[in-house]
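To keep things clear, I will list the structure first and then write my remarks on it.
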Amino acid sequence: MDDATGFQPIFDGKTLKGWDGDPAFWKVADGAIVGQSTPENAVKENTFLIWRGGEPADFELKLQFRLSATNSGIQIRSVQIPQGTQVGNQTVQGKWVMKGYQADIDFANAFTGQIYEERGRGFLAMRGQAVYVPDGADSRPRVIGNLQQSPDELKAIIKQNDWNQVHLIARGNTIIQIFNGTVTSVVVDDDSKGRSLSGLIGFQMHVGEPMKIEVRNIWLKKL
C-alpha cells in the first residue's frame with residue numbers, strides 16, 4: 001500500500017476473524033479472503049461477507065481484489081437485511097444480504113469503477129462521472145461533470161485476472177472511488193431519504209455463473 005498513515009488492517013490475512021458470511025462460500029487462502037462458487041454450489045441470491053468491526057461514517061478504505069468471472073462489489077455504509085424482508089417485489093431468503101452503496105466490480109469491466117446502490121436506488125454514478133443526487137421529490141442522480149479520463153480510458157486501467165487496488169473515500173455526503181490510482185467516479189448524495197451516512201462494510205458474491213473473488217490487504221482509516 002502506498003500510504004498507510006492512519007490506516008489499520010481489518011483482515012489478519014489468515015482467518016475470517018471479525019468477518020461474517022456463509023461458510024459454504026467464504027474462506028481464507030494464500031493470504032486473501034476468497035469467495036467461490038461452483039456449478040454444484042451455486043449462489044442463488046446475492047450473498048455477502050460482512051465486517052463486524054463497526055459501522056464507520058467518514059473513512060477511507062484500501063484493498064486489493066482479483067475476480068475470475070461474473071460480478072462482485074464492495075459494500076460501504078450498508079445495512080444487513082433480515083431474512084423474510086420484502087424488498088421491492090422480492091423476499092430476502094438468505095441470512096447475509098446487504099443493502100447500500102457498492103463499489104461495483106465485474107469481470108468484463110462493464111461496470112467496474114461505478115457507484116451502485118444494492119437493493120436500493122440502483123446506478124448512482126457511472127464510470128467517468130461526477131454526480132449530484134438532490135434532496136426532495138425529484139431525487140434522480142444528475143451528472144454535474146465528467147472526470148479527466150473518459151469511461152473507456154478508465155476501463156483500460158482495470159486489470160483482468162490480476163490484482164487491482166481500490167481506494168474508497170466516504171466523507172459527509174460525498175463518496176469518491178479510486179481504482180489503481182485513478183478516480184473513476186464521484187457522487188455527492190443529498191437525498192436525505194435514500195442516502196446513508198454510516199454503515200457496514202462487506203463483499204459481494206453475485207448470482208450467475210461460477211465465480212471467484214479474492215480480496216487482500218484490507219486497510220481502514222476512520223476520519
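The values are calculated or read from the model by the stated rules, or taken from the named source; none is laboratory data. What you see is a predicted model; the values in this text were computed from it and never measured. Cβ sites come from the backbone with ideal geometry, for glycine too, and all protein chains shown count toward neighbours. Protein only, heavy atoms only, side chains kept; ligands, DNA and RNA dropped before computing areas. Shrake-Rupley method; radii C 1.70, N 1.55, O 1.52, S 1.80 Å.
Some points to look at:
- Where Arg142 falls short, out of the listed (1) under 17 Å from Ser72 (Cα atoms); (2) without any contact (Cβ under 8 Å) to a residue 24 or more places away in the chain; (3) of a type in the set (Lys, Arg): (1)
- Residues that are open to solvent by 50 Å² or more (accessible area, probe 1.4 Å) and within 13 Å of the chain's Cα centre (by Cα) within the stretch 93-109 comprise just one, Lys99.
- Hey, Asp191 closer than 15 Å to Gly100 by Cα and of a type outside the set (Phe, Trp, Tyr) or not: yes
- Out of Ile169, Ile201, one residue alone is touching an Asp or Glu at 6+ places or on another chain (Cβ under 7 Å), farther than 27 Å from Pro39 by Cα and of a type in the set (Val, Ile, Thr). It is Ile169.
- Restricting attention to the stretch 1-16, the residues that are under 18 Å from Glu214 (Cβ atoms) and without any contact (Cβ under 8 Å) to a residue 40 or more places away in the chain add up to 4.
- Meeting the requirement of 1 or more residues that are open to solvent by 40 Å² or more (accessible area, probe 1.4 Å) and in contact (Cβ under 8 Å) with a residue 40 or more places away in the chain, the strands (runs of 3 or more DSSP E) wholly within the stretch 46-92 are 59-67, 71-80.
Conditions tested, residue by residue: (1) open to solvent by less than 30 Å² (accessible area, probe 1.4 Å); (2) under 21 Å from Val131 (Cα atoms); (3) in contact with a Leu (Cβ under 6 Å, 6 or more places away or on another chain); (4) of a type outside the set (Val, Ile, Thr).
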| residue | (1), (2), (3), (4) |
| --- | --- |
| Leu154 | yes, yes, no, yes |
| Lys159 | no, no, no, yes |
| Val187 | yes, yes, yes, no |
| Ser192 | no, yes, no, yes |
| Arg216 | no, no, no, yes |
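- Evaluating Thr112 against the criteria (1) open to solvent by 10 Å² or more (accessible area, probe 1.4 Å); (2) in a loop (DSSP other than H, G, I, E, B) leaves one unmet condition, (1).
- Test: Ala42 is among the aliphatic types (A, V, I, L, M), farther than 25 Å from Lys222 by Cβ and without any contact (Cβ under 8 Å) to a residue 60 or more places away in the chain: no
- Test: residue in the stretch 166-181 that is open to solvent by 50 Å² or more (accessible area, probe 1.4 Å) and touching a Phe, Trp or Tyr at 6+ places or on another chain (Cβ under 7 Å): no
- Answer from Ala137, Ala130 - the residue that is small (Gly, Ala, Ser), assigned to a loop (DSSP other than H, G, I, E, B) and either more than 30 Å from Thr47 (Cβ to Cβ) or modelled with pLDDT of 95 or more (or both): Ala137
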